[in-house]
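Have a look at the structure below before the remarks.
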Amino acid sequence: MADLLGTGPSDEKETENEDKKEGKRPWDDIPKSEKIVTTPDLAETLGFYDINAVRREQRERENSDPSLARFLCAELTRGYFLEHNEAKYTERRERVYTCMRIPRELEKLMIFGFFLCLDAFLYVFTLLPLRVLLALLHLFTLPCCGLRGSLLLQPAQVCDILKGLIMVLCYSMMHYVDYSMMYHLIRGQSVIKLYIIYNMLEVADRLFSSFGQDILDALYWTATEPKERKRDSIGVIPHFIMAVFYVFLHAILIMVQASTLNVAFNSHNKSLLTIMMSNNFVEIKGSVFKKFEKNNLFQMSNSDIKERFTNYVLLLIVCLRNMEQFSWNPDHLWVLLPDVFMVIASEIAVDIIKHAFITKFNEITADVYSEYRASLAFDLVSSRQKNACTDYSDSVARRMGFIPLPLAVLLIRVVMSSVNVQGALSYSCLLLFYLGMVTLKVLNSIVLLGKSCVYVKRANMEDKLFERPSTAAPGKTPSRTRKTSRGTAPSGDPWSERSPSSPSCTSITAQPTPTASPTLRPETVPPPPTTSTTPASPPIPEPDPDPDTLTTSPPATPEQKEEEGMEGTELKHRTPKKDLLDVDRFTICGNRID
């Protein structure tokens with residue numbers, strides 16, 4: 001018995017020692033330190049590690065063999081948690097919401113821009129003839145009044161007379177262009193050749209629009225700038241001939257576009273029309289995958305507004321020509337309407353898709369279109385003042401690249417050739433139609449002006465309408481000298497060349513006398529401030545004198561140098577984030593932004 005009792009505990013110790021030799025305890029790998037380190041291999045229960053659970057998991061891993069069923073079961077029951085990437089998924093959701101808001105915000109901008117172009121286009125037919133008559137009446141009655149020592153015409157009247165002469169000359173020259181012969185000449189070409197011609201015409205139209213407004217601005221400024229000698233007025237003649245030649249060529253270009261579109265409408269299988277509409281979707285490929293900033297997107301939006309309005313006028317010309325060929329049969333109009341709606345729908349769809357993906361890839365919010373609309377509204381409000389810095393039609397032309405003169409000449413030519421005006425009744429109908437256009441123009445202007453005031457006030461830009469231009473720094477060139485060197489001033493006001501963000505004109509409700517009237521004689525105009533030959537430098541409390549003088553300024557203190565360095569760094573950081581109103585009107589015309 002003693003042997004049996006004596007050998008019992010010793011056997012148990014031997015078996016425990018053998019177990020220790022055979023296997024390694026799972027908690028032996030725990031580092032021995034003051035802090036208890038939790039390992040993912042051990043299950044923790046109430047602050048202690050469950051050794052049995054760990055051994056059970058190890059046995060399951062050893063005994064389990066990889067199989068297809070186990071793999072499928074793991075794939076079907078595998079879980080994941082999206083809340084670990086909350087910021088990323090929230091951003092993706094905001095992108096989806098932005099893409100869904102783009103059609104609504106974009107169409108608001110497009111509709112507002114469309115009515116801006118319509119207002120500038122109706123101005124050529126309604127108010128411009130009346131302004132030309134008033135200017136001519138003033139010119140003819142001036143010798144009878146005996147007013148000496150004053151200008152014959154105001155700068156705005158000179159520009160109006162030049163626009164009227166350009167319209168009359170180009171319209172008379174368009175009579176020598178046969179629209180029917182051009183239509184049949186284009187119809188005889190193959191489909192592929194017409195497709196290439198239409199693409200070339202679109203590129204040429206953009207080039208003409210970008211260079212045409214510069215030609216017209218050069219003419220207006222040459223005719224109205226202060227002249228020291230009378231013989232300097234001879235320079236208006238070559239500028240006028242160049243402007244007439246440009247408007248005539250641009251009108252012919254738009255006529256070829258309308259003829260090509262008319263051929264596409266009248267083709268039997270509509271293959272050319274389908275190819276022309278598919279050309280719009282090629283535009284998505286060329287613009288979506290490019291880097292765009294806020295100003296570049298503003299430029300593209302203005303270009304799309306101008307393109308859409310021009311297409312609507314081209315569709316109107318096509319409908320007029322087709323209705324005239326079918327003796328104004330209303331049944332034929334219902335045949336044309338499906339194709340017209342198809343062209344318009346494809347244009348709208350392409351614009352929405354293009355802008356939606358551009359804003360998505362460049363991380364631009366949909367609220368930016370409200371800023372664009374406010375910028376266009378600011379141009380409208382600032383040009384409606386008593387003594388505005390530029391004409392409204394010229395402002396729209398610089399913003400959107402839309403020049404109404406060539407399009408108006410072509411539309412008058414098509415209407416006069418399609419409609420026979422004979423007899424007193426026809427002239428009465430023509431007078432009523434003119435009065436109706438005047439009414440439409442006035443109503444459109446009133447609504448646009450009211451909406452523009454709301455947009456400007458909502459964007460907190462109304463204070464910029466009353467800002468006075470600051471005095472030029474000693475080392476900087478005044479704006480008048482800088483703009484004169486470029487030769488692209490919109491009007492004859494010698495003091496109207498100011499930045500768009502700070503016009504010196506008064507508002508519509510309050511119209512005090514301007515500081516410098518545009519009717520001053522050249523000899524009474526005060527000389528511009530003298531410019532320094534030193535390069536421009538940041539403003540400091542003590543302005544730098546002319547290097548030609550003998551006086552010397554005291555050296556700058558370290559605090560002033562520090563301030564100058566901080567101002568330089570701030571300017572470097574602020575340059576990319578340029579306000580839309582600070583973008584030069586002369587560089588944005590024709591899709592150009594520096």
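Quick note: the coordinates plus some simple rules give every number you see, no bench work behind them. Bear in mind that the values here come from a model prediction, so they are computed numbers and not experimental data. Cβ sites come from the backbone with ideal geometry, for glycine too, and all protein chains shown count toward neighbours.
Let's test the formula: R0 of 22 Å, r as the Cβ-Cβ distance of His84 and Glu363. What FRET efficiency results, to the nearest 0.05? The calculated FRET efficiency here is 0.45. Computed from label points 7 Å out along Cα-Cβ, the spacing between Lys227 and Lys285 is 5.4 nm. Once the Cα-Cα distance is subtracted from the 0.36 nm per residue extended length, the Arg95 to Leu136 segment shows a gain of 9.0 nm.
Ordering 114-127, 357-370, 391-404 by mean Cβ neighbour count within 10 Å, with the highest value first, yields 391-404, 114-127, 357-370.
Counted residue by residue at 0.36 nm each, then reduced by the alpha carbon distance between them, the extension gain from Phe71 to Leu152 reaches 19.7 nm. Modelled this way, with points 7 Å down the Cα-to-C-beta line, the labels at Leu127 and Ser370 are 2.9 nm from one another.
Label point 7 Å out from Ile348 along Cα-to-Cβ: which residues of the range 303-322 have amide N under 14 Å? From the range 303-322, the list is 308-309, 312. The modelled label-to-label distance between Leu337 and Ser278, using points 7 Å beyond Cα along the C-beta direction, is 2.9 nm. Between the beta carbons of Leu207 and Glu60, assuming R0 = 56 Å, the FRET efficiency works out to 0.15 to the nearest 0.05. With a cut-off of 17 Å on the backbone N, the residues of the range 180-206 near the modelled label site 7 Å out from Ser267 along Cα-Cβ are 183-202.
Residue ranges 275-288, 313-326, 165-178 sort as 313-326, 165-178, 275-288 when ordered by packing (mean number of other C-beta atoms within 10 Å per residue, highest first). Straightening the chain between Asn52 and Val454 buys 137.1 nm, computed as 0.36 nm per residue apart minus the Cα-Cα spacing. Of the cross-linked pairs Lys88/Lys285; Lys193/Lys291; Lys163/Lys354; Lys193/Lys285; Lys354/Lys464; Lys88/Lys291, those separated by over 25 Å at the C-alpha level are Lys88/Lys285; Lys193/Lys291; Lys163/Lys354; Lys354/Lys464.
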